[in-house]
Amino acid sequence: MNLGVRDAEVAELMDDPDCDPRRLAATLRRFDTVNRLISGWGGVYRSRLRPHLASLGRPARVLDLGCGGGDLPVRLAGLAARDGLDVEWVGADPDPRAIAVAQERTAPGVVFRCTDAAGLHAEGARFDAVVSNHVLHHLSAVELRVFADESLALSDGIVVHSDIRRGRLAYALYTVGVTPFAPGTFLRTDGLRSIRRSYRVDELAAALGDPWRVEAASPFRTLAVGRAGA
Ligand SMILES: C[S@@+](CC[C@H](N)C(=O)[O-])C[C@H]1O[C@@H](n2cnc3c(N)ncnc32)[C@H](O)[C@@H]1O
């Protein structure tokens, strides 16, 4: 497998509108486990979200854009509640199949919406922070710029987009590590294709341009960080 070059042509099975709905739903449900193991949001919450939300000194609103099966806002809501922070979490995804799975989860302070950034913008929605997980690598070059711009326009504070970072170690570890979680899902095929589609730090920085700061967050992760008004 040549991981030296980003493969923007390989398509993920879950991005096919005609994919098997049962496998898609099973995949979205199992993202919960995969995200806990590989996404590093506990650290992002402690180092970036918690200090920002705590500094506001008032109730806050946070958007997870492209929330898929909804596990991230539910997890973040639990962490924030334990820290005594008063936060409304909005999980938004334009795919009704994703929102149907997300709505199987309930947690205090979390709502799920079948919409995208443009829909939220049209309503005049505002957030103190906007986050996403594993969305950037799904997008075309044009979609990526639009997604980034729109996420920044919805935030009065910070924006943090987290994604996989392409690399041999990530590919090798995922090939082995996904085995117990893969049956009945697209996790094996799509996870490996995700790695092939994902960016290295310099590539994502070039694709996003100003005002984004792109950082390596672990051996396998990339963070694109933006700030309203920067
Ligand atoms: C791999 S899933 C990630 C789901 C979830 N964030 C997670 O980490 O498990 C990518 C999600 O991005 C959503 N998506 C794709 N394009 C989008 C866009 N332009 N705006 C918002 N969400 C989008 C898809 O519908 C899909 O649910």
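The values are calculated or read from the model by the stated rules, or taken from the named source; none is laboratory data. As the structure is a prediction and not an experimental result, all values here were calculated from the model. Here the Cβ positions follow ideal geometry from the backbone for every residue, glycine too, while neighbour counts run over all protein chains shown. The area values use the complete protein model at the heavy-atom level, side chains included, leaving out ligands, DNA and RNA. Shrake-Rupley method; radii C 1.70, N 1.55, O 1.52, S 1.80 Å.
Is there a residue in the range 38-51 that is more than 8 Å from the ligand (Cβ to nearest atom), outside any helix (DSSP H, G or I) and touching a strand residue (DSSP E or B) at 6+ places or on another chain (Cβ under 7 Å)?
So far as the range 38-51 goes, yes, one or more of its residues are more than 8 Å from the ligand (Cβ to nearest atom), outside any helix (DSSP H, G or I) and touching a strand residue (DSSP E or B) at 6+ places or on another chain (Cβ under 7 Å).
It is to be established whether one or more residues within the range 52-70 are among the charged types (D, E, K, R), part of a loop (DSSP other than H, G, I, E, B), open to solvent by less than 40 Å² (accessible area, probe 1.4 Å) and near the ligand (Cβ under 9 Å from one of its atoms). No, the range 52-70 contains no residue that is among the charged types (D, E, K, R), part of a loop (DSSP other than H, G, I, E, B), open to solvent by less than 40 Å² (accessible area, probe 1.4 Å) and near the ligand (Cβ under 9 Å from one of its atoms). Against the numbered list (1) farther than 18 Å from Val111 by Cβ; (2) among the hydrophobic types (A, V, I, L, M, F, W, C); (3) at pLDDT 95 or above; (4) within 12 Å of the ligand (Cβ to nearest atom), Leu28 comes up short only at (1). Evaluate the range 157-173: report whether one residue or more is under 16 Å from the mean Cα position of the chain (by Cα) and either among the hydroxyl-bearing types (Ser, Thr, Tyr) or more than 30 Å from Ala26 (Cα to Cα) (or both). Yes; the residues of the range 157-173 include at least one that is under 16 Å from the mean Cα position of the chain (by Cα) and either among the hydroxyl-bearing types (Ser, Thr, Tyr) or more than 30 Å from Ala26 (Cα to Cα) (or both).
Inspection of the range 177-184 finds no residue satisfying the criterion of being touching a Leu at 6+ places or on another chain (Cβ under 8 Å) and of a type in the set (S, T, N, Q). Looking only at residues in the range 81-96 that are over 18 Å from the mean Cα position of the chain (by Cα) and closer than 21 Å to Arg126 by Cβ, which one is surrounded by the most Cβ atoms within 10 Å (Cβ to Cβ)? This residue is Val87.
Say whether the condition of being touching a strand residue (DSSP E or B) at 6+ places or on another chain (Cβ under 7 Å), touching a residue at least 24 places away in the same chain (Cβ under 8 Å) and open to solvent by 10 Å² or more (accessible area, probe 1.4 Å) is met by at least one residue in the range 118-131. The answer is yes, given that some residue of the range 118-131 is touching a strand residue (DSSP E or B) at 6+ places or on another chain (Cβ under 7 Å), touching a residue at least 24 places away in the same chain (Cβ under 8 Å) and open to solvent by 10 Å² or more (accessible area, probe 1.4 Å).
Can you confirm whether the range 163-177 contains a residue that is open to solvent by less than 50 Å² (accessible area, probe 1.4 Å), under 20 Å from Cys67 (Cα atoms) and among the acidic types (Asp, Glu)? Taking every residue of the range 163-177 in turn, at least one turns out to be open to solvent by less than 50 Å² (accessible area, probe 1.4 Å), under 20 Å from Cys67 (Cα atoms) and among the acidic types (Asp, Glu).
Given Arg105, Arg168, which one is more than 30 Å from Asp86 (Cβ to Cβ) and of a type in the set (Lys, Arg)?
Exactly one of Arg105, Arg168 is more than 30 Å from Asp86 (Cβ to Cβ) and of a type in the set (Lys, Arg), namely Arg168.
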